[in-house]
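What follows is a set of notes on a single structure, which appears directly below.
The values are calculated or read from the model by the stated rules, or taken from the named source; none is laboratory data. Only a predicted model underlies this, so the values are computations on that prediction, with no experimental measurement involved. Please note: Cβ atoms are built from the backbone with ideal geometry, for glycine as well, and neighbour counts cover all protein chains shown.
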């Protein structure tokens, strides 16, 4: 699109007011300053592909902070939590039993080591008397001492290996216990997410979602997918207008400029506000890659029940000066 076309578009968007000042008309939509979007809970663990809506607040309802917005079927999550809790407690019992068995085995090994150590000391005493005994007896005592020492070494090695095996077996059970604990906590957290309350006072607006090949609002009893947005709670006491400014008009639009706002649905009502935010970076227009627009946010001074989200709005504002000089 050639630059001259930009100028024509700019002049169409700009007009001359009754007092001779230039005015620019923009188009945008109403949106809340504060809002909260309710999503279908994202669950963890198996069996979390879909949930059923058991309660949904009606659209247009004014809710207070803490009021119930939506509730989902939590029976499956509660059952899963109970099952995982039972598994956790079973692992606790297994660990306690294993620790008791290992303690008894350690006591048995300690007694066997003590006996083997005493046998070595006795054999050492007998071997020390070899000088006053016959050669055959002295050889028997020497062989007995070697056998006692070898038996003690073998018992110590076996006991050490048994302790390592016991520690490994216990650690495996503890890992299974921790897994059961995590699964239990996840299921409990999933069950808690099945009930969603409002974090602020506001108006309930249902969102349209893609279902059964078309767009529509979700209903109680429907099976929904996790992560789908189903409604908004908007604070209707503070609204604003989101609009886009053509690149050809951006030089005449300044932050803080006063604006007159009208609604396409209620053209007889007039509101006042100011340009509070103007994006410093342009984005590409959907109509042409060469057309750039800037995001503009306008505040609205008044609070009015007719100011509802997504309503189309027209914004008229007068820049400081028209292009190329002062107002005529």
Identify, please: which residue in the stretch 274-291 is more than 35 Å from the chain's Cα centre (by Cα) and surrounded by 12 or more Cβ atoms within 10 Å (Cβ to Cβ) and is, among those, farthest from residue 29 (Cα to Cα)? 290
Under 8 Å by Cβ, and 6 or more places apart or on different chains, what pairs join a residue from the stretch 287-298 that is part of a loop (DSSP other than H, G, I, E, B) with one that is surrounded by fewer than 16 Cβ atoms within 10 Å (Cβ to Cβ)? 288/1; 290/1; 291/1; 291/284; 291/285
Which of the residues spanning the stretch 7-65 are under 24 Å from residue 217 (Cβ atoms), in contact with a helix residue (DSSP H, G or I) (Cβ under 9 Å, 6 or more places away or on another chain) and either surrounded by 16 or more Cβ atoms within 10 Å (Cβ to Cβ) or at pLDDT 95 or above (or both)? 41, 43, 48, 51
Residue 168 fails exactly one of the following numbered conditions: (1) within 30 Å of residue 41 (Cα to Cα); (2) in a helix (DSSP H, G or I); (3) at pLDDT 90 or above. What is the number of that condition? (1)
Just give me the residues in the stretch 242-273 being assigned to a strand (DSSP E or B) and either surrounded by fewer than 18 Cβ atoms within 10 Å (Cβ to Cβ) or not assigned by TED's automatic domain parsing to the domain that holds residue 29 (or both), in sequence order. 242, 244, 258, 260, 262, 270, 272
Give the residue, chosen from 90, 117, that is modelled with pLDDT of 95 or more, surrounded by 13 or more Cβ atoms within 10 Å (Cβ to Cβ) and not assigned by TED's automatic domain parsing to the domain that holds residue 248. 90
